[in-house]
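For reference, the structure is listed below as structure tokens.
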Amino acid sequence: MRIDFLTLFPEIALAPLSESIMKRAQAAGIVEIHAHNLRDWAANKHRKTDDTLCGGGPGMLLKPEPLFAAIEELRGADTKVILLTPQGTVFRQQMARDFANEKHLLFVCGHYEGVDHRVIEELVDVELSIGDYVLTNGAIAAVVVADAVVRLLPGALGDEMSSVEESFRDANLLEAPAYTKPAEFRGLRVPDVLLSGHHEKIQRWHKEQARLRTQKNRPDLWAKFCKEHDAD
Ligand code: ADE
């Protein structure tokens, strides 16, 4: 897979992907990552990429000319063009799985108040948000999406099973609490069942705890889970 970032801050996109698993995935040729500075496509004297809003309003928007020039140069026949914006569809694991099947992702990273809407109408395949909050720029969001996609590519994780197992898990259920050794720390004990060696009981405990945790932390997911399983 190839991933390109189009941003005013290429280093924000590259730095988090140059360590650990993402670094190894690139070294192993599983993914090729490039970041481009939008300013390089600004034809005007001051390399200006933003302008004020038509019709008035606060803030600045990214201008269409450099974005059109850059996207038209960077995209190919197999490219999925993804704009990061708080106005987008909220990113979920299933989308990461879908994107992992693409050959080429081009992340267009918004800044200021966003991008001229003609860019979205003509060039963008997916408008994507990573959640209901506003970041200072889309490169931070694009890195989150890229990480979630790359770790699903075959060979990217050392232990191949870790992402395979995940895809069989219920998408509407969080994972159960997990413990490692020692069995007792500052008087806090690992639940006895996890030390019992009783496989069936352990599985039942995981299931029950996953449900309790989802109920407590994610009532939205819990409602979906109940609807799908007729549980309560
Ligand atoms: N740019 C600013 N905030 C964002 C968000 N929540 N998701 C994607 N891009 C963004």
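The values are calculated or read from the model by the stated rules, or taken from the named source; none is laboratory data. Model, not experiment: these values are computed from the prediction. FYI the Cβ positions are ideal-geometry reconstructions off the backbone, even for glycines, and counts take in every protein chain you see.
Okay, here's what the table says:
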quantity: Enumerated helices (runs of 4 or more DSSP H) restricted to region 185-232, each holding at least 1 residues that are modelled with pLDDT under 95 and more than 26 Å from the chain's Cα centre (by Cα); calculated: 219-229
quantity: Options ILE120, ILE140: the member that is assigned by TED's automatic domain parsing to the domain that holds ILE21, out of contact with any strand residue (DSSP E or B) (no Cβ under 8 Å at 6 or more places or on another chain) and either surrounded by fewer than 16 Cβ atoms within 10 Å (Cβ to Cβ) or not in a loop (DSSP other than H, G, I, E, B) (or both); calculated: ILE140
quantity: Options GLY131, GLY114, GLY158; residue that is at pLDDT below 95 and within 16 Å of the ligand (Cβ to nearest atom); calculated: GLY114
quantity: Test for VAL108: is it within 16 Å of the ligand (Cβ to nearest atom), surrounded by fewer than 18 Cβ atoms within 10 Å (Cβ to Cβ), of a type in the set (A, V, I, L, M, F, W, C) and within 21 Å of the chain's Cα centre (by Cα); calculated: no
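Rundown of residues vs (1) in contact with a Phe, Trp or Tyr (Cβ under 6 Å, 6 or more places away or on another chain); (2) modelled with pLDDT under 95; (3) surrounded by 19 or more Cβ atoms within 10 Å (Cβ to Cβ), yes/no style:
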| residue | (1), (2), (3) |
| --- | --- |
| ILE3 | no, no, yes |
| ILE12 | no, no, yes |
| PRO16 | no, no, no |
| ILE21 | no, no, no |
| ARG24 | no, no, no |
| GLY29 | no, no, no |
| ALA35 | yes, no, yes |
| LYS45 | no, yes, no |
